[in-house]
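Asks: Just passing along the structure, written as structure tokens.
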Amino acid sequence: MASHEEPAAPLKLMPLTPFKPDLYERAWQSIPHPTLPLLATAHQKSVTVFSLSTLSAHSSLTNGHERSVRSTSWRPNLPPHKLSLITGSFDSSAGIWRWEDEGQGDSGNDLEVEMTGGAKEDAEEKDWELIVVLEGQKSEIKSVAFSPSGQYVATCGRDKTVWIWEDVGASDDDDEWETVAVLEEHEGDVKCVTWCPDTNRSGRGRYSSDVLATTSYDDTVRIYREDEDGEWVCVAVLEGHKGTVWGAAWEPNPKTDHFPRLLTWSADRTIRVWTLKEEDDEVEAPRHAFGGLRGIPNTMRRSLREEWRCTAILPAAHTRDIYSATWSAETGRVASTGSDSIIAVYEEDAKGTATTEDEAAAELDGDVPMRNGDTKPAASKQWKLLSTTPNAHGPYEVNHVTWCKRYDAGCAPEKRGVEEMLVTTGDDGFVRPWQIS
């Protein structure tokens, strides 16, 4: 039986009042807006947008899909008076939606009032407009995501493909998207697409700076980049999980100059951290050129790949599938949840007790003794389990967890928009905020 790590420091999750109204049906995920106090929750055939100030509904996206909306993503880099979401549905289509306060110019002052509950009735009278429907995938879409610039959208699904779409409109109001790639390397349903955040990264040799990670029922993670010919190329296959890889999340705010790490979680009840082996890591000329292509003939470049290493496995905390995990840009903490209705919170040890890369490799390769006959890989020493909260949604599965800024009345005014909380979304139809105590 797996031995669980003892919490390294006292930390408790205190439940706050759930978002209203209750959805009364299975909800899949809740995505905070990158800059505004809004939260978009996908459930049934719609998305409900909640205000983080009032913890109540702001608006909703309806009548766009014939089956459940499984995933949603905010479009970044828009002025505050414009909102845009993409929805991915089991009806095999993705929709791009717009909500705009046309009388506010770029200030968005009235929109801000509406988002904080001051003019809720007016907000409800405004409708989200479905402006583009992206079609082509042959079965259920499982995940959708805007790239950091908003130029690209990635979608994936049960048909084992990943589609990349590009905004080719002549202006912000010219809504025209075209398919630029259909990626078919995965051997099972593709569960998640996620773009690397626009931080601590740049174009690597012949590749653009846009980086996409995908996870699949085939137990693998794949990394894609666009090459100098405009072709999207799989540059790495991350293998190590022993079950469906339910999702992935990029390190949102790296503390070093190294490329962001990648967090993945799986039906094998493990959470893994992957690190790109960069050119500077090699003392001698690298055997694998991870974008360092000077002096290499053009005829050889197309076969080159990046090397990603699993450098940590977080401590065991879950008894069933891990459906979701989230990496805080503020504290670097990770929270996870899943089929067992447990919320676990982890922290990376900054006291210098982290394992070396060789030690981590030995752990992950199974070259270190396992206690009590445990055949699972050992957890890496540089991560500690801070807390576990059982029965977060009672007997129901928890499908999603995210870090979110607090704007509600229970938050001290000086901490508004700064203090973090966790938000979980479950099969019981509740969207639950949790205070970190």
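Asks: Considering only the stretch 249-257, I want to know if a residue exists there that is at pLDDT 90 or above, part of a loop (DSSP other than H, G, I, E, B) and under 24 Å from ILE141 (Cβ atoms).
Replies: Within the stretch 249-257 (the criterion being at pLDDT 90 or above, part of a loop (DSSP other than H, G, I, E, B) and under 24 Å from ILE141 (Cβ atoms)), the answer is no, since none of the residues qualifies.
Asks: Then there is this: How about the stretch 251-268: which of its residues are surrounded by fewer than 21 Cβ atoms within 10 Å (Cβ to Cβ) and closer than 20 Å to ALA344 by Cβ?
Replies: PRO252, ARG261, ALA267, ASP268 - these are the residues of the stretch 251-268 that are surrounded by fewer than 21 Cβ atoms within 10 Å (Cβ to Cβ) and closer than 20 Å to ALA344 by Cβ.
Asks: Tell me, which residue of the stretch 410-429 that is touching a Ser or Thr at 6+ places or on another chain (Cβ under 8 Å) and of a type outside the set (S, T, N, Q) is nearest to SER71 (Cα to Cα)?
Replies: GLY426
Asks: Could you pull out the residue among GLU25, GLU66 that is under 28 Å from GLN435 (Cα atoms), charged (D, E, K, R) and part of a loop (DSSP other than H, G, I, E, B)?
Replies: GLU25
Asks: Just wondering, is there one or more residues in the stretch 226-233 that are closer than 21 Å to ALA325 by Cα and either part of a loop (DSSP other than H, G, I, E, B) or not β-branched (Val, Ile, Thr) (or both)?
Replies: No, that holds for no residue.
The values are calculated or read from the model by the stated rules, or taken from the named source; none is laboratory data. A quick note: this is a predicted structure, and the numbers were derived from the prediction, not measured. A quick note on method: Cβ atoms are made from the backbone with ideal geometry, for glycine too, and the neighbour counts reach across all protein chains shown.
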